[in-house]
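The values are calculated or read from the model by the stated rules, or taken from the named source; none is laboratory data. As the structure is a prediction and not an experimental result, all values here were calculated from the model. Cβ: placed from backbone, ideal geometry, glycine included. Neighbour counts: every protein chain shown. Surface areas here come from the heavy atoms of the whole protein model, side chains and all, with no ligands, DNA or RNA. Shrake-Rupley method; radii C 1.70, N 1.55, O 1.52, S 1.80 Å.
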Amino acid sequence: MTNAIASWLPWAVVLPPLVSFLLLTALGSKIRKAAGWIGSLATLISLIFAFRALTAVSGGATLVADPLLLLSYGDVEVAFGADVSPLSAIMLVVVAGVSFLVHVYSIGYMAKDPRIAVYFQYLSLFTLAMLGLVVSTNWVELYVFWELVGAASFLLIGFDYMRPAARAAAFKAFIVTRIGDIGLFAAMILAFAQTKSLAIADTFQAVQSGALAPNVVTGLALLIFLAAVGKSGQFPLHVWLPDAMEGPTPVSALIHAATMVAAGVYLVAFTYPIFAQSPSAQFVVATIGAFTAIFAATMALVQTDIKRVLAYSTVSQLGYMMLALGAGSVGAAIFHLTTHAFFKALLFLAAGAVIHAVGTNDITVMGGLAKKMPVTAAWFVIAAAALVGLPPLAGFFSKDAVLASTVPGYPAHFTAAVLTVLLTAAYMGRVLWLVFFGEARDAGRHAAAHEAPLVMRAPMHVLGVLVLVAGAFTAPWTGPIGRVFGALGEVAHAPLWMAGLTTALGLLGLGFSFLCVRGAIPCPLGDPTRAAYRLLEERYYIDWFYERAVGGAAALFGRFAEAVDRLVIDGLWRGIADALIVSGERADAAGGGQIQRYNAVALFALVVMLVVFALSMKGV
Amino acid sequence: MSGGTLAFFILAAFGLGGVTTMLTARRVIHMVLALSLSFLAIAGLYVLLGADFLGVVQIIVYTGAITILAVFGIMLTPHGGLETEPKSAPRQGRRMPLVAFLLAAGLFAVLFWAVAGTRFARSPFASDEPVDAAAIGGLLLSSRYLLPFEVISVVLLVALIGAIVLAKDDASDTAGSVQAEEHAGTSPAEPPTVRADNAEAHRADRTAASARDTGESGQHVEKEAQLVGAVREANRE
Amino acid sequence: MNAIWLPEVIVLAGAIGTLAFGLAARRSKAMSDLAMTLALITVVVALLPTVGLIGTVEEGFAGAFRIDGLTLAFHLLILIGTGLVLLIARDGRSDGVPPQYLAEYAALLLFAALGGMLIAAAADLLLLFLGLELLSISSYVLVGLKKTHLGSTEAAMKYVLTGATATAVFAFGMSYAIGLTGTTDVYQIGQTMADAGFMARYGRLLFVAFFFLIVGAFYKLASVPFYMWAPDVYQGAPTAVTAFLATVSKASGMALVVRLFLGSFAWVAWEAQPNVIKNFWSESTPYIAALSALSMIVGNVLALKARDVKRMFAYSSVAHAGYLIIPLAAVNPMMIDQIVFYLLAYLLANVGIFAVIDQVGRDRGSYDLSAFSGLYHRAPLVAWALLLFFLSLAGIPLTMGFFGKLNILLGAVWGGHFVLAGLLVVTSVISYVYYFAVLKQVFMRPGTTERPLAFSFGTATVIALAVLGTLLGSLFPGEVMRTMQQAFDAVQMFGIYQGRL
Amino acid sequence: MTPSELMQYLLFSAMLFVLGLFGALTRRNTVIVLLSIELMLNAANINLVALSRFLPGGAENARLPHPSLAGDFSATLGQTVALFTIAVAAAEVAVGLAALIAFYRLKASPNVDEMDSLKR
């Protein structure tokens, strides 16, 4: 790899969406038709360069681009640079690839929306933010793009801002992920305070050389993980993700399949050198991951909204990735991230086509759609099989890689992960049987159903082919692209018994749900009146609890602001009086804006400072 | 007790007595007179400190110009016919005097702590000779203090313009014919011009600060003469 | 010797000239316009020698007047700010200011700017005081210029009474500082204090003097708890004057604090007890940090409740004063650059916003938040500009204001002030709420009218220039920062400690 | 002048300052408030004059690196600064009274506690 290409190639990946964003902003609504094509083209260019970068780093090298922006504050430098390592190269391809397909799909899906130009503008912004995040070299740069990802997803989830539900979901996502963002910010400050440098590489170096105390390293790792928990919807900050389904379906595909949620996994993988030095932090990551995997899968069992099922499934799969990271296998995590991006995006796009066709999200009113939409049904079945982990689809390889990575030191986690396979098969089977097979439950909707237009089908074909073949040539132990995964670190090869076990469990789950849906056997969760069902339906009451807590906090804050107001203008005044006079007499009702009070408060501050000084000062 | 110390205590007593009278008086005009007594006592202290020139300036500016200005200010802004005020402003709340007292007491306590706790050492350059006014003039003309001296003249110019702009009654320019006639004698543009010229001229005057202020209060007299007439009845009450 | 005093002389001459011209041309509207233009030309002409002086380190008037990086940076800030404010004032003359006072209006703005420039250039405590007074007295009058509006005259009265108290407090502190050290020279005061035994003997009184001086100066900065005049005065004053107070006046106050604190007090160290070395900086830091923290919290929280936009910006300016004070509390080598860069970002955004407030307020006859509803449909370009300004003020990433805050944040962390750094972040997030409340009106609320809002030439120019500056600072923050560091080497102000210059 | 005499002056001025402050915080008539503030400024002047008689050169061993500063360090300096303060004080009173007249024209009250029309 020559340096010449390295100096610009990373920027060539990142900048096209910026150009398209600026272009769409400048042209505005004048170019409704062309907006989708501009955005798609820009993303395609990014994708092509991303592939070029992937081949460039397949040997394990790293591309270091010239920084575009260099601020220096004395000795501290903030460089907006762009590095592409094997890890980030994979991520670039995944992000640009899925983003491109979603762009194309959206041209069809959003065709009738009057604000289509704005939609693509947001989409470009989002793609830009994700790509920028992946190539970041500096804590500030990372944080900026991290926030930008959050802001863009806020805009996209709330795209349909006339609907209260969309607004609420957008705000929920914003607030919840912000809790995580504070973690990243604190990590940045901690790293800067410890190393007096903002370059991420310097932090890694300090961590690896043992210059930082073990507690600091663990703190740093956990703060970063907090950010990842927020973004990747891990327990207990998973609540925003299902609600985010209020956004347009292609956005769900983009955010919940390939990119935003994967950002958390990527962040942990990217900062893995820090985690590697802290076994306790790794254990936390693995535990949260495993718990989230099984926990989210149970909630997916009873959802009736097709997108919500997929959303909980995403949370569950992200738990797998975190588990792999915690177990020390970056390669397995990123491998699963990649295959998951493909099959989950496909699931969403297919679900979008279904929703498009029948005009509802509710799986209980669908049924028998396989006849009406054979292509969509076929791809949905294949993607679901990949999600369950049936051979020889992509998910089979990656899931087994994740499971294999936990075998050495995490037996309990392994058990949970295996059980999750059964649950996954059960809820996916339920969706399959309810939506595509059996009788049509709503004749009117069924009659109107039709196959999606070509522009929406084409991305599904591409993703479908990837799901079919990706496992074969991206598995770390095979194929050219697989080698890049291999460069991320050793990926354990699943033994045969494990493959057999997961396949058997998957088939068992599918069969069980088939019988359930047909009513052949009594369903443990078939009865809405049972406590277990209620518990899952209400999502373990966690959302309810948060809403109470947040609502209470908001009310509290409102009262706080009011109290501060009273305190500062009138109250401070009375406070002075009360502090000085011990008397039951109430101060007179105050008119506003009294000059002499202004001066009294100011001089009170002077006196306080002087008295504190007089009391504390010795030897002057 | 030396004569100087005795004189100090007498003057200080007058100074503080004036302020205390101001703080306890009911009629606003009494307050002003009490304060002018304090200003006078302070002038005496200046003389006692060998600052004769400063003492003279103090008398001219404070007991002269500012007190008169204040009296005019009070006469021009009559309120309810009787220029008295209650112990404290009702809208401030009854606690204001107590709080202000405690603030003042706290501040004084700290200042006392700082002053009384300091072991002052007399500088070998110190002398008890009075300072010659010419020396002050010399210092003002020295290269270092020439600039501040120029700046203070600008400050006074701005104050002059500002006072005119704010105090001028624009309504009378266009309102009644009587007032219009009163103005007819001097073109509307003229008074400010004259003043600006005055200010320019004064800049040459090295002992100017005080003189300018007397000049200004004089302008106020002219300017607001008609208003004074209008409010005279109110003051008689 | 360069004519180092040329910018000041030009501004003074321009002010007097404007005044004289206005008096000669009273009653004629066209001529009154010319007075404003004359003032504007003065500012532009004064900018030339200021730029020409860049790189100069020189003293005049036997050390009372000092041109160095700090001076020139603040001169530029003040002149640019005044020029933009004059442009707003030129269009905003129907904003209640009687037309016959336009010349005085323009001249007083110039006089106030002159006061600020003198503060920036003064190395003499007496001159600092007089510069402060020139600025203050001009501002009092400017605030009260809408003579037929009760709010304006009341604001002027409030400003006078609080300002005069601040002056008295400042003068009292000054009397101790000058009396004890026997000199009016800022640096000389510091050197005298640094003499062996001096602090041990007079330390108490000097600390008292320091507190009095800081309080007097912080009144001008409108930091908590010396801010309470600001909401009333900002609300009552003509909008252009409000813009002036929020930007130029605050910048001048900052220049005063920096010169006074860093020039004389900060570096003094003494042996408090045998083998216990103390220094002024670390002893005074807790107080300054507390004032900064209070300003950030109180300013941002109170702004949440404001409905009047000018009042909201008064509280917002209080919060920004808090941000600006952080570098003074946090010791770090780049503190002056942080302050100047932040002031520039703040000035550009604020002047731009006030230009819009002025135009919208006059159009709708109200400064209530709702006056901004539907602005996007009435003037889309201006709405986008407004968005940029608000993002910059709020410190949203990749805007100039963000980089300014980042500078300050890094400085605070560098100096070990994690609490201040945290508060900076948290209170910035709170500020999103009220900034976005305005944006919500602009972009999302239907207005009562769809009539396009035409922006007059001056206002449009201000907005365009502010957008340009903010974009420059947002896109090339590194370049701007580097250029600033080279052109206005802040270290020059400490040249005295290696020989006089 | 002895140290105790100096202390007398300084304490007197401190007293004057706090009494002026008290007046400025409690008096209702704006004119009186302004005059109280004048009193505070007068206190500063007494400090200046008294200190400059006692410590005209500051600390005895002050270095004087700047030639022009070596010149006229005497009681003269204190009195000169006091003159400036007097001039500033006069300017402030003038503007303050003018502002009061402008305010009075609209509200017909000289009282500080009635300046409360600006909304909170």
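A:H238 fails exactly one of the following numbered conditions: (1) within 18 Å of the chain's Cα centre (by Cα); (2) part of a helix (DSSP H, G or I). What is the number of that condition?
(2)
If only one of B:L6, B:L37, B:L49 is open to solvent by less than 20 Å² (accessible area, probe 1.4 Å), of a type in the set (A, V, I, L, M, F, W, C) and more than 30 Å from D:K107 (Cβ to Cβ), which one is it?
That would be B:L49, the only listed residue that is open to solvent by less than 20 Å² (accessible area, probe 1.4 Å), of a type in the set (A, V, I, L, M, F, W, C) and more than 30 Å from D:K107 (Cβ to Cβ).
Among the residues of the stretch C:243-280, count how many are outside any helix (DSSP H, G or I) and of a type in the set (S, T, N, Q).
3
Kindly evaluate C:L132 against the criterion of being within 9 Å of chain B (Cβ to nearest Cβ), buried (at least 24 other Cβ atoms within 10 Å of the Cβ) and closer than 23 Å to D:A94 by Cα. Working first, answer last.
Values: within 9 Å of chain B (Cβ to nearest Cβ): no; buried (at least 24 other Cβ atoms within 10 Å of the Cβ): yes; closer than 23 Å to D:A94 by Cα: yes.
No.
What number of residues within the stretch B:95-119 are within 7 Å of chain D (Cβ to nearest Cβ), open to solvent by 20 Å² or more (accessible area, probe 1.4 Å) and more than 11 Å from C:L205 (Cα to Cα)?
Summing the residues that are within 7 Å of chain D (Cβ to nearest Cβ), open to solvent by 20 Å² or more (accessible area, probe 1.4 Å) and more than 11 Å from C:L205 (Cα to Cα) in the stretch B:95-119 gives 3.
Would you be able to say whether some residue in the stretch C:365-377 is part of a helix (DSSP H, G or I) and farther than 26 Å from C:G236 by Cα? Walk me through how you get there before you give the answer.
Narrowing the stretch C:365-377 to residues part of a helix (DSSP H, G or I): C:369-372, C:375-377.
Next, only the ones that are farther than 26 Å from C:G236 by Cα stay: C:376-377.
Scanning the stretch C:365-377 turns up at least one residue that is part of a helix (DSSP H, G or I) and farther than 26 Å from C:G236 by Cα.
I need the full set of residues from the stretch C:162-189 which are over 23 Å from D:F12 (Cβ atoms), part of a helix (DSSP H, G or I), within 8 Å of another protein chain (Cβ to nearest Cβ) and over 23 Å from the mean Cα position of the chain (by Cα), in order please.
Result: C:Q188, single match.
Looking at the stretch A:53-73, can you tell me whether even one residue there is open to solvent by less than 10 Å² (accessible area, probe 1.4 Å) and within 27 Å of A:V465 (Cα to Cα)?
There is at least one residue in the stretch A:53-73 that is open to solvent by less than 10 Å² (accessible area, probe 1.4 Å) and within 27 Å of A:V465 (Cα to Cα).
Modelled with pLDDT of 90 or more and either under 30 Å from D:S52 (Cβ atoms) or buried (at least 18 other Cβ atoms within 10 Å of the Cβ) (or both): is that true of B:V28 in this structure?
no
Looking only at the stretch C:271-313, count how many residues are farther than 30 Å from C:S370 by Cβ and among the β-branched types (V, I, T).
Here the count works out to 4.
For the structure I just gave you, tell me whether C:T192 is within 8 Å of another protein chain (Cβ to nearest Cβ) and either surrounded by fewer than 23 Cβ atoms within 10 Å (Cβ to Cβ) or assigned to a helix (DSSP H, G or I) (or both).
Judged against the criteria, C:T192 is a match.
Per-residue answers, yes or no, for (1) open to solvent by less than 10 Å² (accessible area, probe 1.4 Å); (2) in contact with a strand residue (DSSP E or B) (Cβ under 7 Å, 6 or more places away or on another chain); (3) within 14 Å of chain B (Cβ to nearest Cβ):
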{"site": "C:D68", "(1), (2), (3)": "yes, no, no"}
{"site": "C:L76", "(1), (2), (3)": "no, no, no"}
{"site": "C:L86", "(1), (2), (3)": "yes, no, no"}
{"site": "C:R90", "(1), (2), (3)": "no, no, no"}
{"site": "C:D95", "(1), (2), (3)": "no, no, no"}
{"site": "C:E104", "(1), (2), (3)": "no, no, yes"}
{"site": "C:L108", "(1), (2), (3)": "yes, no, yes"}
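Among the numbered conditions (1) modelled with pLDDT under 80; (2) at the interface with chain C (Cβ under 7 Å from one of its Cβ atoms); (3) closer than 22 Å to C:T148 by Cα, tell me where D:A102 comes up short.
(1)
Being among the small types (G, A, S), modelled with pLDDT under 85 and either open to solvent by 10 Å² or more (accessible area, probe 1.4 Å) or closer than 16 Å to A:H336 by Cβ (or both) is the requirement here; does A:A293 meet it?
no
For the stretch A:171-199, how many residues are under 16 Å from A:A211 (Cα atoms) and either among the hydroxyl-bearing types (S, T, Y) or open to solvent by 40 Å² or more (accessible area, probe 1.4 Å) (or both)?
Summing the residues that are under 16 Å from A:A211 (Cα atoms) and either among the hydroxyl-bearing types (S, T, Y) or open to solvent by 40 Å² or more (accessible area, probe 1.4 Å) (or both) in the stretch A:171-199 gives 5.
Tell me the residue from A:T339, A:T314 that is buried (at least 24 other Cβ atoms within 10 Å of the Cβ), among the hydroxyl-bearing types (S, T, Y), touching a Gly at 6+ places or on another chain (Cβ under 8 Å) and within 16 Å of A:P459 (Cα to Cα), please.
Within the list A:T339, A:T314, the selection yields A:T339.
Taking the criterion of being in contact with a strand residue (DSSP E or B) (Cβ under 8 Å, 6 or more places away or on another chain) and farther than 20 Å from C:L86 by Cα, would at least one residue in the stretch C:360-368 satisfy it?
yes
Looking at (1) open to solvent by 40 Å² or more (accessible area, probe 1.4 Å); (2) outside any loop (DSSP other than H, G, I, E, B), which is the one condition that is false for C:G473?
For C:G473, the failing item is (1).
Looking only at the stretch C:144-161, filter to residues that are under 11 Å from D:L106 (Cβ atoms), more than 7 Å from chain D (Cβ to nearest Cβ) and within 23 Å of the chain's Cα centre (by Cα); which one of those is surrounded by the fewest Cβ atoms within 10 Å (Cβ to Cβ)?
This residue is C:K146.
Just name the residue that is surrounded by the most Cβ atoms within 10 Å (Cβ to Cβ) out of those in the stretch D:77-113 that are within 22 Å of B:R144 (Cβ to Cβ) and among the hydroxyl-bearing types (S, T, Y).
Here the residue is D:T80.
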